[in-house]
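The values are calculated or read from the model by the stated rules, or taken from the named source; none is laboratory data. All values derive from a computational prediction rather than experimental measurement. Backbone-built Cβ (ideal geometry, glycine too); neighbour counts: all protein chains shown. Note: areas computed on protein heavy atoms with side chains; ligands, DNA, RNA excluded. Shrake-Rupley method; radii C 1.70, N 1.55, O 1.52, S 1.80 Å.
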Amino acid sequence: MSGLLSAITLSGLGGSMLSCSDDKKPEPEQVRPLPLGGSNLSETRESQEVAPGVTYTRIARGQESSQDVHTVDVAFRTDRTAAETLLTELLGKGFQVRLEAVSKRAPDDPGSGPIGYLVRSGSVPTTAEVNSLRDQLAAAGYAGLRTVYTGEDGGETTGPWVVHVLEVDSSLFQGRVEPELGTGLIPERELLTALAKRKGALAAINGGYFVIGASDGTPGDMAGISVIKGSLVSEAVDGRTSLILPPGAGKGADIAAIRDTVTATASDSAKRTVDGLNRAPGLIRACGGEGGDMPLELPKHDFTCTDDSELIQFTPAFGTSTVAGPGVEAVLNAGSAVIELREARGGSIPPNGSVLAGTGEAAEWLRAHAQLGATIQVAVDITAEGAPLPAGAGVVNGGPRLLSDSEPKITAFAEGFVHSDNAEFYYRFGVRRNPRTLAGVTSDGKLLLVAVDGRQPGYSVGASFEESALIMKALGAEEAVNLDGGGSTGVMVGENLLTRPSDATGERPIGDAIVILP
């Protein structure tokens with residue numbers, strides 16, 4: 001990484017500069033403090049040139065508030081009477097408790113009024129004290145307890161915040177910006193540090209949502225669309241906003257809602273929808289598919305829908321063999337001819353062909369239409385808000401949208417981040433502050449890849465969805481999307497991991513990343 005370009009201290013929303021190490025200071029209107037906390041908070045920025053056209057900036061803002069404490073969330077109730085009943089019970093057992101209404105809804109949620117009520121116990125300054133209180137509550141028979149820091153609630157705080165910004169100017173950068181799968185294949189995951197080293201990246205940031213546990217599908221499978229060098233390797237959660245990266249240095253990068261349709265057509269003209277790619281049949285992480293998924297075909301984040309009749313295409317992006325299990329597999333060569341029909345799943349994938357795996361009704365379809373010598377053409381149609389993808393583009397899944405035409409437009413309800421059967425989900429995921437990874441495009445075409453450290457009181461509290469939108473707007477984005485965050489959030493520059501992992505176990509293996517290559 002090149003030497004320090006500038007170290008700037010800012011104050012106030014007007015962007016006045018108190019100090020700058022460069023002889024040539026930026027104009028005040030070009031550098032404005034982030035709209036996080038009060039306008040009187042201190043903010044420092046340190047920028048370095050990663051390569052011509054690529055700049056890394058670390059922004060530190062605010063300080064820990066004496067008003068923020070550690071507490072125990074005993075329960076979340078959608079019904080106020082139920083919450084008050086629990087409150088009375090806890091008071092009767094000698095616990096100090098309080099009731100807090102959760103009033104903030106997703107901006108596009110058509111509902112009104114509080115989404116629920118938190119029953120909380122304690123207001124203590126240290127994690128040791130809050131853990132002791134949690135243990136006392138557990139001993140009294142209460143389960144599902146959460147220890148939380150109120151600075152992460154999403155309300156007023158002074159922070160602090162640490163924000164990492166990678167800015168790519170395609171008019172100056174001579175390298176490439178593209179998605180890369182963890183391990184280079186769909187199955188399993190890889191640390192961002194290892195992935196960046198494997199690719200020889202100048203810089204890298206974690207990418208989209210992915211499957212972690214086998215009970216939710218294939219670990220490492222993207223929980224949404226993934227397109228690598230123009231090839232679809234994981235199907236879309238239809239309607240979810242994603243990041244589009246045309247081949248090259250980031251020119252033409254876009255934020256758009258993506259839909260796809262994959263269709264198998266046999267040589268006898270029979271057609272069938274291909275439900276997914278490169279994953280275990282029957283398990284659809286984040287839902288948003290088609291063809292009978294249960295309990296719904298709309299997006300539902302961090303939830304696994306099911307379907308006992310699926311047709312799944314396995315390509316070499318999955319590796320050398322498919323997922324084993326009952327069903328039927330048709331092996332296709334490079335010319336789409338059926339060269340083998342297998343009465344069980346779990347066979348090899350030809351290096352220049354693919355395998356169609358069917359369960360339930362889809363297995364019967366293969367038996368009827370995928371006999372030896374037949375052909376099955378698989379057609380893929382991907383649209384970004386009605387327009388075709390650029391040739392050779394990569395796509396990183398995300399959601400929800402954060403900005404449209406330079407203004408906050410958070411489509412959390414439409415994209416499945418509000419659960420009708422679990423009102424607490426949106427509070428935990430979108431209202432509370434969490435580590436975030438964000439992507440945006442400025443009006444003059446620059447690509448912004450941003451990470452916000454979080455879940456680390458005294459260092460960085462993270463950001464809510466609304467704060468994430470404001471961060472991206474302040475950085476100059478015209479369009480922006482939320483990518484995978486939490487323990488997945490990470491930024492590499494050179495050989496250095498610059499973010500602080502929030503998982504207790506350290507850096508989390510991820511499904512894919514956005515790499516900036518020389």
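If you take the residues of region 285-296 that are of a type in the set (D, E, K, R) and either in contact (Cβ under 8 Å) with a residue 24 or more places away in the chain or out of contact with any Cys (no Cβ under 8 Å at 6 or more places or on another chain) (or both), which of them is farthest from residue 212 (Cα to Cα)?
290
Checking residue 29 against (1) at pLDDT below 95; (2) part of a strand (DSSP E or B); (3) over 30 Å from residue 518 (Cα atoms), only one condition comes out false. Which one?
(2)
Across region 71-84, what is the number of residues that are within 24 Å of residue 130 (Cβ to Cβ), open to solvent by 20 Å² or more (accessible area, probe 1.4 Å) and in contact (Cβ under 8 Å) with a residue 40 or more places away in the chain?
2
Does residue 323 fit the bill of being open to solvent by less than 10 Å² (accessible area, probe 1.4 Å), out of contact with any Cys (no Cβ under 8 Å at 6 or more places or on another chain) and either at pLDDT 95 or above or basic (Lys, Arg) (or both)?
no
Would you be able to say whether some residue in region 241-262 is open to solvent by 20 Å² or more (accessible area, probe 1.4 Å), closer than 17 Å to residue 357 by Cβ and either at pLDDT below 95 or of a type outside the set (Gly, Ala, Ser) (or both)?
no
Of all residues in region 159-195, which are of a type in the set (A, V, I, L, M), within 18 Å of residue 508 (Cβ to Cβ) and crowded, with 24+ Cβ neighbours inside 10 Å?
Those that are of a type in the set (A, V, I, L, M), within 18 Å of residue 508 (Cβ to Cβ) and crowded, with 24+ Cβ neighbours inside 10 Å: 181, 186, 192, 195.
Say whether the condition of being open to solvent by 20 Å² or more (accessible area, probe 1.4 Å), assigned to a strand (DSSP E or B) and farther than 24 Å from residue 398 by Cβ is met by at least one residue in region 274-288.
No, region 274-288 has no match at all.
Please identify the pairs in which a residue from region 113-125 that is under 15 Å from residue 153 (Cα atoms) and touching a residue at least 60 places away in the same chain (Cβ under 8 Å) has its Cβ atom under 9 Å from the Cβ atom of a residue that is polar (S, T, N, Q) and open to solvent by 40 Å² or more (accessible area, probe 1.4 Å), counting only partners at least 6 apart or on another chain.
From residues that are under 15 Å from residue 153 (Cα atoms) and touching a residue at least 60 places away in the same chain (Cβ under 8 Å), the pairs are 115/78; 115/103; 116/78.
Looking at the structure I just gave you, is residue 156 open to solvent by less than 60 Å² (accessible area, probe 1.4 Å), among the acidic types (Asp, Glu) and within 27 Å of residue 468 (Cβ to Cβ)?
No, not satisfied.
Do any strands (runs of 3 or more DSSP E) lying entirely in region 433-494 carry at least 2 residues that are in contact with a Ser or Thr (Cβ under 6 Å, 6 or more places away or on another chain), and which ones are they?
Hits in region 433-494: 436-442, 477-482.
Which one is farthest from residue 302 (Cα to Cα) among residues in region 198-237 that are of a type in the set (D, E, K, R) and open to solvent by less than 30 Å² (accessible area, probe 1.4 Å)?
So the residue we want is 235.
Is at least one residue of region 1-10 at pLDDT below 95, loosely packed, with under 14 Cβ neighbours inside 10 Å and assigned to a loop (DSSP other than H, G, I, E, B)?
Yes, the conditions are met somewhere in region 1-10.
When you go through 353, 360 one by one, which is the residue that is out of contact with any strand residue (DSSP E or B) (no Cβ under 9 Å at 6 or more places or on another chain) and modelled with pLDDT of 95 or more?
The match here is 360.
Quick check on this structure: which one of 208, 200 is on the phi < 0 side of the Ramachandran plot, touching a residue at least 40 places away in the same chain (Cβ under 8 Å) and touching a strand residue (DSSP E or B) at 6+ places or on another chain (Cβ under 9 Å)?
208
Yes or no: region 440-449 includes at least one residue that is within 15 Å of the chain's Cα centre (by Cα) and in contact (Cβ under 8 Å) with a residue 60 or more places away in the chain.
Checked against the condition, which is being within 15 Å of the chain's Cα centre (by Cα) and in contact (Cβ under 8 Å) with a residue 60 or more places away in the chain, region 440-449 yields at least one hit.
If we only count strands (runs of 3 or more DSSP E) wholly inside region 73-163, which ones have 1 or more residues that are in contact with a Cys (Cβ under 7 Å, 6 or more places away or on another chain) and of a type in the set (Ser, Thr, Tyr)?
Filter on region 73-163 gives an empty set.
Which residue pairs have Cβ atoms under 6 Å apart, sit 6 or more places apart or on different chains, and have a first residue in region 341-366 that is in contact (Cβ under 8 Å) with a residue 12 or more places away in the chain and a second that is aliphatic (A, V, I, L, M) and part of a loop (DSSP other than H, G, I, E, B)?
Here the result reads 341/370; 345/324; 346/324; 352/334; 353/334; 355/349, each pair linking region 341-366 to a residue that is aliphatic (A, V, I, L, M) and part of a loop (DSSP other than H, G, I, E, B).
If you scan region 304-314, which residues turn out to be buried (at least 20 other Cβ atoms within 10 Å of the Cβ) and either touching a residue at least 60 places away in the same chain (Cβ under 8 Å) or outside any strand (DSSP E or B) (or both)?
307, 310, 313, listed by residue number.
So, in region 362-421, exactly how many residues are open to solvent by 10 Å² or more (accessible area, probe 1.4 Å) and part of a strand (DSSP E or B)?
16
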